[in-house]
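Peer 1: The following block contains the structure, expressed as structure tokens.
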Amino acid sequence: MKHEEEIEKKYIEKTRTSNKIHKEIDGVIPGGVGSHIRWFEPYPFYLDRADGPYIWDVDGNRYVDYVMAWGPLLFGHRRPESVLKAVRRQAEEGLVYGIPYKTLGQVVDRIRRIIPSAKAVKLANTGTEAVMHAVRIARAFTGRKKILKFEGVFHGYSSEAWISVSPPPNKMGSYENPLPTPDCLGITEEQTSNYIISHWNDPEHFKKKLRENKDKLAAVLAIPVNTGLGVVPPEDNFLHILREETEKHDILLIFDEVTTGFRVSKAGGQGYYNVIPDISVFGKIIGGGMPIGIVCGREDVMDVTDPRKNIHPIAGTFTANPLSLVACNAMLQEIENDITLYDRLDKTTEYLSNQIQEILGTYNVDAVINRISSMFQIYFTGNKRIRNYRDTLTLNNKLYKTFLLAMINEGVFPNPKPLGRWYLSAAHTEEEVEQTIKALEEVIREIAR
């Protein structure tokens, strides 16, 4: 029996109840998951509960969790207690109203105090929805249609932005002229035609594409750290170049900070790199585990969302709902009050990622680790570095699948996607980190043999 088959067999034996659940619901729930990112082969395990840095599946297996709900859980599962108390208290008073709730102003005041670009603020329900609004706001304000985005950068699942995230090599065009490619069949050619595609970390290509299309562009849609490719930070003042060029040509700059916001620093990627966009988008962490999206930016730009002007309405039954508002308010208060939070997260993540890199080197496994603050990713590749989407086309995804299942078998849950991210939380202590290092060395030793 092949080594990979042995690892998969052990996983199936370990997760028998999950396998049973998956077989029962697969079909009626296509794939057996509510979100496609939760799927991995041969099937995902199903959760029973979680606490701090740990999750338990329905078979009773405990795992050190490095997915952290794909990023929102900065303090860990069921943390901080203040968020849980706020949600419980609000649930007793009402779940959703048809009129603004009193906590709205407090939340906006905290956001404006923390985020440099947040001069005016609107709320949405998710990061995807917030990006959708940001793109529409830019078009409404400028009167122009086209958006420049970067190949391999993920901005949510709306038709406004799910373009050229994972283009197949036979459709993505040449390096000089990358083609806008829909990431699902439901996105129309008309929608993709409003996008100009450039390359992350290639300032000369970006300048060329922007200058060729400057009279048609409403905005450049970017992200402070390219988390669509795992963790790929900007190089060589790349973000500063985006800001300089957009200002020079009177084009709006949008930062999607759904992942980087309150993760790379308290003030997000814009604070970390000291680059202030015209429009910013937040989600994940800011909700404290509840669904939320934030769109904020310059007052004159955000003015198009004023309902009295009927230019770009932002509306929704659950928009700025009281449960999300009180969770957000409590979460922001915790972040403001914990002055050593980001130093602790950075030191713990740096230690873990360095130990992993050392183990990979010891066993001569071709791999690269990219890290910033409390997130990192392991890339199984012979490349010396990963700096844009086309660098990721050489990844050994088959090896990553084997690595994933082997780590799960050892009681550690890394991100299940080769272009995902390992997230640490304030709940990850030395005990969990050392357990992870020990498990990973066992797995790498087996893989490398």
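Just so it is clear, none of the values below were taken in a lab; they were calculated from the coordinates. Worth saying up front: this structure is predicted, and the values here are computed from it rather than measured. Ideal geometry is used to build each Cβ from the backbone, glycine not excepted, and the neighbour counts take in all protein chains shown.
Peer 1: On average over all directions, what projected area in square nanometres does the stretch 207-266 have, based on the convex hull of its Cα atoms?
Peer 2: For the stretch 207-266, averaging the hull's shadow over all directions gives 4.6 nm².
Peer 1: If the cut-off is a Cα-Cα distance under 30 Å, which lysines reach residue 20, setting aside same-chain residues fewer than 8 apart in sequence?
Peer 2: Within reach: 2, 9, 10, 398, 401, 417.
Peer 1: Normalising by the residue count of the stretch 81-337, find the relative contact order in percent from Cα pairs under 8 Å and 6+ residues apart.
Peer 2: Result for the stretch 81-337 is 30 percent.
Peer 1: For n ≥ 4 DSSP H runs only, could you compute -39500 (n - 2.57) per run for the chain, divide by its residues and tell me the 222 nm figure to the nearest 500?
Peer 2: Helix contribution divided over all residues of the chain: -11500 deg cm²/dmol.
Peer 1: A follow-up question, please. Once you list every other residue whose beta carbon is under 13 Å from the beta carbon of residue 411, what net charge do they have if Lys and Arg are +1 and Asp and Glu are -1?
Peer 2: Every neighbour counted, the sum reads -4.
Peer 1: Once amide H atoms are placed 1.01 Å from N in the peptide plane, what residues at a sequence separation of 5 or more from residue 196, or on another chain, have their amide H within under 5 Å of its amide H?
Peer 2: 147, 148, 149
Peer 1: Only counting other Cβ atoms within 10 Å, I'd like 336, 432 sorted with the fewest neighbours first.
Peer 2: 336, 432
Peer 1: To the nearest 20 Debye, how big is the dipole of the stretch 123-261 about its Cα centre, given +1 on the beta carbon of each Lys and Arg and -1 on that of each Asp and Glu?
Peer 2: Approximately 400 debye in magnitude.
Peer 1: OK, next. Decide, for the stretch 137-207, between rounded, prolate and oblate: order the square roots of the alpha carbon gyration tensor eigenvalues as a ≥ b ≥ c, take rounded if a/c falls under 1.5, and otherwise choose prolate if a/b is larger than b/c, else oblate.
Peer 2: oblate
Peer 1: To continue, here is another question. Can you pull the one-decimal nm distance between simple spin-label points at residue 336 and residue 185, each 7 Å off the Cα toward Cβ?
Peer 2: My value for the distance between the label points is 5.0 nm.
Peer 1: Next question. Show me, for the stretch 402-411, the HN-Hα J-couplings you get by feeding each phi into the Karplus relation (A = 6.51, B = -1.76, C = 1.60, θ = phi - 60°), rounded to Hz, glycine and proline as x.
Peer 2: Listing the rounded values in order: 4, 4, 4, 5, 5, 5, 4, 4, 8, x Hz.
Peer 1: Based on a Kirkwood Rh over C-alpha pairs, give the Stokes-Einstein translational diffusion coefficient of the chain at 25 °C and viscosity 0.890 mPa s in µm²/s.
Peer 2: Once the numbers are plugged in, D ends up at 108 µm²/s.
Peer 1: Continuing with this model, one more query. Given the chain, what percent of its DSSP beta bridges are antiparallel, to the nearest 5?
Peer 2: So the antiparallel bridges in the chain amount to around 60 percent.
Peer 1: Among 277, 72, 307, which one shows the biggest mean-square fluctuation in a GNM of the chain, springs joining Cα atoms closer than 10 Å?
Peer 2: 307
Peer 1: Here's a follow-up. Tell me, what HN-Hα J-couplings in whole Hz come from the Karplus equation 6.51 cos²θ - 1.76 cosθ + 1.60 at θ = phi - 60° for each residue of the stretch 220-226, using x for Gly and Pro?
Peer 2: Taking θ as phi minus 60°, the curve returns 9, 9, 9, 9, x, 10, 6 Hz for the stretch 220-226.
Peer 1: Would you list 343, 48 from fewest to most Cβ contacts within 10 Å?
Peer 2: 343, 48
Peer 1: So which GluC sites (Glu not before Pro) in the stretch 1-88 pass both tests, a DSSP loop state and at most 16 other Cβ atoms within 10 Å of the Cβ?
Peer 2: Qualifying residues, ordered by number: none.
Peer 1: Further question: Got a sec to turn the phi values of the stretch 414-425 into Karplus ³J(HN,Hα) couplings, 6.51 cos²θ - 1.76 cosθ + 1.60 with θ = phi - 60°, whole Hz, x for Gly and Pro?
Peer 2: x, 4, x, 10, x, 10, x, 9, 7, 10, 9, 10
Peer 1: Let's test the formula: R0 of 35 Å, r as the Cβ-Cβ distance of residue 29 and residue 6. What FRET efficiency results, to the nearest 0.05?
Peer 2: Efficiency for this residue pair is about 0.75.
Peer 1: Report D for the stretch 288-372 in µm² per second (integer): Stokes-Einstein, Kirkwood Rh on Cα pairs, 10 °C, 1.306 mPa s.
Peer 2: Using the Kirkwood radius from Cα pairs, D works out to 91 µm²/s.
Peer 1: On to the next question. Do you know the relative contact order of the chain, to the nearest whole percent, from alpha carbon pairs under 8 angstrom that are 6+ apart?
Peer 2: Contact order relative to length: 22 percent.
Peer 1: Determine the distance separating the Cα centre of the stretch 14-41 from the Cα centre of the stretch 134-178; give it in Å without decimals.
Peer 2: Centre-to-centre distance over Cα atoms comes out at 31 Å.
Peer 1: Could you work out how much longer the chain between residue 319 and residue 20 gets when fully extended? Use 0.36 nm per residue separation minus the Cα distance between them, nm to one decimal.
Peer 2: Extra length available between residue 319 and residue 20 comes to 103.9 nm.
Peer 1: Provide 423, 101 in ascending order of the number of other Cβ atoms located within 10 Å of each residue's Cβ, fewest first.
Peer 2: By the 10 Å Cβ count, ascending: 101, 423.
Peer 1: Continuing with the same structure: Based on C-alpha coordinates, I'd like the Rg and Dmax of the stretch 81-337, in Å.
Peer 2: Cα only, the stretch 81-337: 18.1, 58 Å (Rg, Dmax).
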